[in-house]
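Some notes on the structure that comes next.
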Amino acid sequence: MVCPVCGEALDLEGVKPGEILDCEACGAVLKLLSDGTLEVVEPPAEGEVLFGLEAFGEGEEVVLRFSDGTLEEEVRVLRAELKEALARLEEGVGEEPPKEAEDEPNLEPDYLTVHVEGQEGPLALRRILFQGAEDLLEFSLPSGSLYQLPFRKALEYLRPILL
């Protein structure tokens, strides 16, 4: 098989459908599809890079690499489980349902939480909803570290990786 960008021959031995690989000749990021063809994975457009999170697929798993600028942590979870967890949060289904409407404005945020079992231990995903503010997606890593990202931007970033 050859790179669809530069035409250089590629060694696909051991590469499974859904996995991402790099062309050593031109640096293109490619994804092996289930029909045996290669698809060019477009990098996020300028300004769409999500600071603090890098994600990529490795077979049935997704590798989530979190960084605060000094410390870098990696968590591996099953692609299907992460996709289901994010869908539940997007639909508003979690372990802590939003509070009922009250007569007074709610000054406390609402939380929706789902858990995904990773190789390193449980990963908690929490959608934080605060009236009048952008929703946040909080990742509580097995190490105890917390990372917060804008919910919609995180979904947009992760969606192509979870397909």
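The values are calculated or read from the model by the stated rules, or taken from the named source; none is laboratory data. Just so we're clear, the structure is a prediction, and the values are computed from it rather than from any experiment. The area values use the complete protein model at the heavy-atom level, side chains included, leaving out ligands, DNA and RNA. Shrake-Rupley method; radii C 1.70, N 1.55, O 1.52, S 1.80 Å.
Miscellaneous remarks
- Across the chain, the relative contact order, built from alpha-carbon pairs under 8 Å that are at least six residues apart, equals 14 percent.
- For the stretch 1-42, the relative contact order comes to 32 percent (Cα pairs under 8 Å, sequence separation of at least 6).
- For the stretch 1-42, with all protein chains in place and a probe radius of 1.4 Å, 49% of the accessible heavy-atom surface sits on carbon or sulfur.
- Solvent-accessible heavy-atom area per residue, rounded to whole Å², over the chain at 1.4 Å: 61 Å²
- Only lysine pairs 8 or more places apart, or on different chains, with alpha-carbon atoms under 21 angstrom apart are counted in the chain, and they number 4.
- Span from the the stretch 56-84 Cα centroid across to the the stretch 107-145 one, whole angstrom: 15 Å
- Projected area averaged over orientations for the chain, convex hull of C-alpha atoms, nm²: 11.4 nm²
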